[in-house]
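Worksheet: one structure, shown below.
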Amino acid sequence: MSPLPRRMLRRLLPALASLLLALPAAAEPLRIAAAADLKPAMDAIVARFCATRPRCTVEPIYGSSGKFHAQIVAGAPYHLYFSADIAYPRDLAAHGLAASPVRPYAVGRLVLWSARHDVRRLRLEDLADPRFRRIAIANPRHAPYGRRAEEALRAAGIWERVQPRLVYGENIAQTAQFVRSGNADVGLVALSLALTPELSRHGNHAPVPERLHAPLEQGFIVTRRGAAHPLAREFAGFVQGPQALLRRHGFALPRPAAAR
């Protein structure tokens, strides 16, 4: 090989290597780990985000906030993390696993929902009645809605009486499905799910008094892995905009920082 081609090759190789390294990041879908209660709203937000962005590929994955937290600690390839409990992303940030500040985005609401019984005038204390043979809640060990359900049942003074009849969903969506399928008579689920056509057409709901449990303050971060994704910070900024959409799906908006 003549000296000229070698010199050209040496100049081209770094540029070619940089291009090849950039290609997977550009082609990699934006992966969002999102609490199961967020699915109706997040699906709509993602559709709106991608509507004006060609070649936009966003993959929301829905599940338990606590399990996502553990997966991100273990190195799971999520670029953003939307938790039903803001404490989880705060913990990740404290351990250097966030590439953005922790931002609150919504406050969830807990409701009673049933396809078998009219619960619209039901008090939480009424769940002690043996006619409610199976009561579904999310698993309190890793699901924020499950912890709030346990808090509410304890505050109502009926935890010990209903505990033998509880069935646990891995996340709040599975909890709602237990009730929808008839495997539970009633469930403590997210209002955002109770408002979906799938549930609202087949049952009814009643609010659980918020004074009975700690707030379901929800927050998100760009993960450390997400720092290199070209769409991660853009999506993080975009999601702060459609607040009316979040309200429509049953969420309250977080209070301004000065009011907390």
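Selection of first residues in the stretch 54-68 that are part of a helix (DSSP H, G or I) and of second residues that are of a type in the set (Val, Ile, Thr), restricted to Cβ pairs under 9 Å at least 6 apart or on distinct chains, gives the following pairs, ordered by first then second residue: Phe68/Ile61. I need a count of the residues in the stretch 143-164 that are of a type in the set (S, T, N, Q) and surrounded by 16 or more Cβ atoms within 10 Å (Cβ to Cβ). Count: 0. The C-beta contact set for the stretch 88-99 (first residue assigned by TED's automatic domain parsing to the domain that holds Gly75 and farther than 12 Å from Phe220 by Cα, second residue of a type in the set (A, V, I, L, M, F, W, C) and in a loop (DSSP other than H, G, I, E, B), distance under 6 angstrom, 6+ apart or interchain) is empty. For Val189, indicate whether it is among the β-branched types (Val, Ile, Thr), outside the structural domain of Ser100 (by TED's automatic domain parsing) and farther than 15 Å from Ala84 by Cα. The answer is no for Val189. A single member of Val186, Val208, Val179 is closer than 23 Å to Lys67 by Cβ, buried (at least 18 other Cβ atoms within 10 Å of the Cβ) and out of contact with any Cys (no Cβ under 7 Å at 6 or more places or on another chain), and it is Val179.
Of everything in the stretch 172-215, what is within 18 Å of Pro144 (Cβ to Cβ), more than 16 Å from the chain's Cα centre (by Cα) and outside any helix (DSSP H, G or I)? Give them in sequence order. Scanning the stretch 172-215 gives Gly187, Leu188, Pro207, Val208, Pro209, His213, Ala214. Selection within the stretch 69-86: residues that are over 14 Å from Glu170 (Cβ atoms) and assigned to a loop (DSSP other than H, G, I, E, B). The member of this set that is nearest to the chain's Cα centre (by Cα) is Asp85. For the stretch 120-157, residues that are out of contact with any Leu (no Cβ under 6 Å at 6 or more places or on another chain), free of Cβ contacts under 8 Å to residues at least 60 places away in the same chain and outside any helix (DSSP H, G or I) total 10. All conditions but one from (1) in a helix (DSSP H, G or I); (2) touching a Lys or Arg at 6+ places or on another chain (Cβ under 6 Å) apply to Phe235; the one that does not is (2).
The values are calculated or read from the model by the stated rules, or taken from the named source; none is laboratory data. Not measured: the values here are computed from a predicted model. Cβ coordinates were reconstructed from backbone atoms using ideal geometry, including for glycine residues, and neighbour counts include every protein chain displayed.
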